[in-house]
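All remarks here apply to the structure that follows.
Every read-out reported here was derived from the displayed coordinates using simple, explicitly stated rules and does not represent laboratory data. Please read all numbers here as calculations on a predicted model, not as lab measurements. Using ideal geometry, Cβ is built from the backbone for each residue, glycine included, and neighbour counts are taken over all protein chains shown.
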């Protein structure tokens, strides 16, 4: 086993891994939040925190400029590990506010996990402010993030079982309709040339192969339901993260369902993707270059 593999599969997370994680995460978070915020035209159907407080002023130009400035300032402080409790408090609060307003306009679906990860990290730093245990913080800020992500998957599985029981896996007719709608929506968003033909194929596949669909949905339940394996350490988390990545790839290929907020969280924290890419690039640029490539 090479030093590159040793670092990636080690039992503990390093400061370098955390720095890479938060740079990639906050960059993706800023892009998504900025896109959602810039798309706001009003808050017509208040949801989330916007059902409790008035969010109607958020889309106004003056408020937008102030929010963008605050987002940028605290994102920079977050990257440079400065005033982390205050930084995470502001980032999480603004994330909840903007994404709730976006959800009210139908443009921030399934993005709550971004805010949840920031809250999980805030809890890790609040704990550190009490215990002053730097070694625990080094692991907690990442593990808490992974735990909240895996909890979201477990809750997703439980909600399916609560609504329909185990009979959810036999719901091939509804899935056929969902697949067709998802592909056609993808066409509307990205002008996919073969969308109508593909949507008809997806609809026919799910409708005419109930046993295959039942097996696929059972695997889906199992994958989501065992997400708690991430709580048992770094290695199980990475392995499960890779399975999750293939799971989402399969969903995309079958239904063209693509959820950037969830994929960002899985890639950054569960798979430890930024550090993986760093080690691959480090290996490729080493003295022996490709001839000594022994990462796996």
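See the values below:
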{"read-out": "Additional length obtainable on full extension of the chain from residue 245 to residue 139, 0.36 nm per residue less Cα span", "value": "35.9 nm"}
{"read-out": "Full-stretch length increase - residue 110, residue 63 - with 0.36 nm per residue and alpha-carbon distance subtracted", "value": "14.4 nm"}
{"read-out": "The chain: calculated mean residue ellipticity at 222 nm from DSSP helix runs of at least 4, using -39500 (n - 2.57)", "value": "-24000 deg cm²/dmol"}
{"read-out": "Fraction of alpha-carbon pairs over 21 Å apart in the stretch 103-218 - percent", "value": "61 percent"}
{"read-out": "20 Å cut-off, amide nitrogen to a point 7 angstrom out along residue 253 Cα→Cβ, residues in the stretch 219-234", "value": "219-224"}
{"read-out": "Per-peptide average of other Cβ atoms within 10 Å, ordering 16-22, 72-78, 229-235, 142-148 highest first", "value": "142-148, 16-22, 72-78, 229-235"}
{"read-out": "Burial order of peptide ranges 23-36, 52-65 (average beta-carbon count within 10 Å, highest first)", "value": "23-36, 52-65"}
{"read-out": "Label-point separation in nm, residue 159 to residue 282, each point 7 Å along Cα→Cβ", "value": "3.8 nm"}
{"read-out": "Sorted by Cβ neighbour density within 10 Å, fewest at the top, the residues 15, 140", "value": "15, 140"}
{"read-out": "Spacing of the two label points (7 Å from each Cα toward its C-beta) at residue 223 and residue 177, in nm", "value": "2.4 nm"}
{"read-out": "Cα→Cβ-extended label distance, 7 Å offset, between residue 11 and residue 129, nm", "value": "3.2 nm"}
{"read-out": "Ranked packing of 252-263, 162-173, most packed first, by mean Cβ within 10 Å", "value": "252-263, 162-173"}
{"read-out": "Sequence-separation-based contact order of the chain, relative, with Cα cut under 8 Å and 6+ spacing, percent", "value": "24 percent"}
